Structure formats: C-alpha cells, structure tokens
Amino acid sequence: MAGLRRVRYADFAAQYAAEREALLAAMDGVLARGDFIGGADVSALEEELALLCGVPHVVAMNSGTDPLWLALKCLGVGPGDEVITASNSFVASAAAIAHLGAVPVFADVGSDQLLDAESVARAVTARTKAIMPVHLTGRICDMDALRAVADAHGLKVVEDAAQSIGSLYKGRSSGSLGDAAGFSLHPLKNLNAVGDAGFLATGDGDLAERVRRLRNHGLANRDVVVEFGYNSRLDTLQAAVLRTRLPLLPGVIEARRRNAALYRRLLDPAHIYNAPCRDHEFNTFHLFVIQVDRRDALQSHLADHGIGSKVHYPIPIHQQPAAAPYRDRSGPLPLTEQQAARILSLPIHQYLTPADIAYVADVVNAFYR
Ligand SMILES: *Cc1c(COP(=O)(O)O)cnc(C)c1O
C-alpha cells in the first residue's frame, strides 16, 4: 500500500530541526547568565520589534491578550464604556474589553472577514469609547475607513494585531495604525516563542511608560509602587528565542506568500473562495482561509487524505455562552454567521513544499468535482 502523504497544519518538529543549534545556544546563554526576568534580551527585542513595526515604543509582554486590555485601560476605557470589535476573532479580543467592565459591541465583517467600517459606524452610540480592529489572517483592516469613523466620533483605536506581524497597509506597518496595538508571539503565530509571549506597540510615550510599569506590578523602581499593577512580563528565555527567530521572519512571510499564491493559482474558483489581495496591502498570510460549501465534509475528506486543517473560528464570539450578557448590544451579524459555517484554514506554513500545496489543492478540487 502506498504510504499516506501527510501535510501537517503546523510543523514544530521541522522548525526545531532547522533552528536547533541557534535556539539551544540562545537558551544556554540565558541559563548561564541566570538572567531570567527582564534584562538585556528583553530590551534588545523591544528595540528590534519597534523597528519592525515602525513605532517608537514596544513593551514586551507575557501574551497578546495583556497588551490589548492594558492599552484599552490606559486609553481610559472602563465600566459601562462600549468598544466595537469583530465577533469572528479569537475570544481574547472581546475578553480584553469585558475584563475592564466595558461592553464588547460586535460589528459585522466583509467578504474578506475584516471589520466593515459601515457596520462599525452603525454600532457607534454615545457610550462608544474605542474601536478594536482585528487584522485577521494577516491582512490589515481598511484602516482609512475605520480611522474616519473613529475621528468623526472621537474614538480611540487599538489594533488587535495578533495575526499580522510584518503586514503592511498603504506602506505602513501593522501596529502603527492606531493609538496602540497588541501582538501575540504564541507558538502558532508567524513569529513564535516556545510558549506564551506578546507585546504592545504604540506611538504614545506616556501610554508605553504606564503599560511598562503595570506589566511589572506597577513598580516605578525597585521599591515604589505608583499604582497597583500586574505580572505581565515576558520571560528572558522567550526573548532570547524570539531574537534568534526575528531575522528569519521575512523568509517565513515570503514562504507563506509563495504558498498562498500557488493555492490561488491551483484552487478551483468555481467552488472555492479566497478573498483577493488588495493593491495597497502586503498580506503576511498568518492563515490561508477558504470559504466553501459543505465545509465539515471537506475537512473530514482532507483528514482522510492526511491533510491537517483548522477552523478559525467555528463559533463567533457573540454566540459563545460567555457573551450572553452582551448579545443584545450588537446588531445582526449575517456575514460573520454565514462565514463561521464556511471557513476553513488550509496548511500554509513555511516548511511546505510546492508539491505539498499542489497535493492539498488537488484533494480540495477533487472533493467538489
Ligand atoms: C492569538 C490571538 C490573540 C491572543 O494572543 P495570546 O498570545 O494567546 O494571548 C488575540 N487575538 C487574536 C486575533 C489572536 O489570533
């Protein structure tokens, strides 16, 4: 019997094989120095990430979630305020709002799964304080249109940039397009730690300074607490790993873009929709999402052929049990709900070969033939 071809959704073993020596050397350095919290690797990483994102300030943190809610908090979002965001995101976007006692209000998305500015404009009320655009899949939202809504109503903008490191919109970097942004460096993100990690990016020096303090218990120095804070620090070990991987990120992004271009050429557009790229964007393809009929049957068919796939995300946040208290604050979300049943993320990672992509495309096309 011919061996089943396997195409994994993610391939950490391949990444480790490619980077083993550099990773072990970086970790060895941290262990030898005994410098586990803060220190040179964390501040060097912050400077390198600030250059990448085109912002003056980066605060390295424990996750992509803490920069989101701390940014909102420092921009004045509190109990009773409304923040408009997308329901088709990872649950952390809405949780960041809810944990401040604020109300997540969900607006609908366009065919490209990104927040629709007209739907956002309709969701604005006298209580709206901010907009949190989610640059889902590695593509940046239409920030000119969202910025116009924000400016018309005096709203803050916090980008959920967790999936969009390195992405560009009209030549400007993800993370530099609002008042502040939260990035995740989770193992499955394009720039990945070997555990949890993330960072805040901002052009606002006062906000950066306050988040820097809040991430470390609110300490202004070793002994004085200005305001009670949290422990949202990034481990030095993760910072050292991330610094070995950061120079590889352009190659990771190029490989993903190449894979996406090949999928687009091979997948049958009569049955498979993938939102087209826009002229003014540089899409980093954190995810390659197709929209199809009979999605669940296709996913099983792929699994039968050794191909991993995922759904990001099968239950929109407004339909989660946790969102029950907020449900009647949002309008109808027809596209969000339709897409939840039709979206499927195909493998797109940097270790796939053109033959892998061709195999996946063949199996998908054959399912609809
Ligand atoms: C991954 C992700 C987050 C949260 O990041 P963590 O590092 O897991 O806290 C938030 N929003 C989106 C859209 C994400 O994909």
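The values are calculated or read from the model by the stated rules, or taken from the named source; none is laboratory data. Keep in mind it's a predicted model, so treat the numbers as computed, not measured. We place every Cβ from the backbone using ideal geometry, glycine too, and count neighbours over all the protein chains shown. Areas reflect the complete protein model, heavy atoms only, side chains present, ligands, DNA and RNA absent. Shrake-Rupley method; radii C 1.70, N 1.55, O 1.52, S 1.80 Å.
Over the range 248-368, what portion of Cα pair distances is larger than 26 Å, expressed as a whole percent? Of all Cα-Cα pairs in the range 248-368, 28 percent lie more than 26 Å apart. Counting only residues at least eight positions apart within a chain, or on another chain, the aspartates and glutamates with an alpha carbon under 18 Å from that of residue 189 are 11, 19, 46, 48, 66, 159, 160, 235, 254.
Rolling a 1.4 angstrom probe over the protein heavy atoms with all chains in place gives the range 175-330 an accessible area of 46 Å² per residue.
Based on protein heavy atoms only, the range 24-83 ends up with 40 Å² per residue of surface accessible to a 1.4 Å probe. All other residues whose Cβ lies under 12 angstrom from that of residue 120 are scored, Lys and Arg at +1 and Asp and Glu at -1, for a net of -3.
The largest accessible area among 294, 278, 243 belongs to the first residue in 294, 243, 278, and the rest follow in falling order (1.4 Å probe, all chains). Find out how many positive minus negative residues lie around residue 311, taking Lys and Arg as positive, Asp and Glu as negative, among other residues whose Cβ is under 12 Å from that of residue 311. Counting the neighbours of residue 311, the net charge comes to +2. Legend: residue pairs 129/170; 73/156; 129/156, Cα-Cα distance threshold 18 Å; pairs beyond threshold, 129/170. For 90, 106, the ranking by accessible surface with the largest value first comes to 90, 106, using a 1.4 Å probe.
Centre-to-centre separation between the Cα atoms of the range 1-77 and those of the range 209-247: 14 Å. For the range 1-73, the Cβ-based charge dipole about the Cα centre amounts to some 500 debye (Lys, Arg positive; Asp, Glu negative; other atoms uncharged). Taking Cα centre as origin and charging only the Cβ of basic (Lys, Arg, +1) and acidic (Asp, Glu, -1) residues, the dipole magnitude of the range 200-275 rounds to 380 debye.
Report the full-extension gain for the segment residue 227 to residue 44: residue separation times 0.36 nm, less the Cα-Cα distance, to one decimal in nm.
Result for the pair: 63.2 nm of gain on full extension.
Each of 306, 58, 16 was scored by the projection of its Cα onto the charge dipole of the chain, and the greatest displacement toward the positive side belongs to 306; charges sit on the C-beta of Lys, Arg, Asp and Glu. Projecting the Cα positions of 228, 72, 117 onto the charge dipole of the chain (unit charges on Cβ atoms of Lys, Arg, Asp and Glu, taken about the Cα centre) puts 117 furthest along the positive direction. Kirkwood radius and radius of gyration were both taken over the C-alpha atoms of the chain, and their ratio Rg/Rh is 0.98.
With all protein chains in place and a 1.4 Å probe, the accessible surface of the range 248-368 carries 56 percent carbon and sulfur.
What does the net charge come to around residue 193 if you take all other residues with beta carbon closer than 10 Å to its beta carbon, with K and R at +1 and D and E at -1?
That sum, taken over residues with Cβ under 10 Å, equals 0.
Pairs of Cα atoms in the range 160-300 fall into 10 Å distance bins, from 0 up to the last occupied one, in shares of 10, 30, 31, 18, 8, 3, 0 percent. Among the protein heavy atoms of the range 13-245, carbon and sulfur supply 53% of the accessible surface, probe 1.4 Å, non-protein parts ignored. One compactness figure for the range 51-139 is 1.10, namely its Cα radius of gyration divided by 2.2 N^0.38 Å. Residue separation of residue 14 and residue 122 scaled by 0.36 nm, minus their Cα-Cα distance, works out to 34.2 nm of gained length. Of the residues 348, 194, 133, the one whose Cα sits farthest towards the positive end of the charge dipole of the chain is 348 (charges of +1 on Lys and Arg Cβ, -1 on Asp and Glu Cβ, taken about the Cα centre). Calculated translational diffusion coefficient of the range 1-153 (20 °C, 1.002 mPa s; Stokes-Einstein with Kirkwood radius over alpha-carbon pairs) equals 114 µm²/s.
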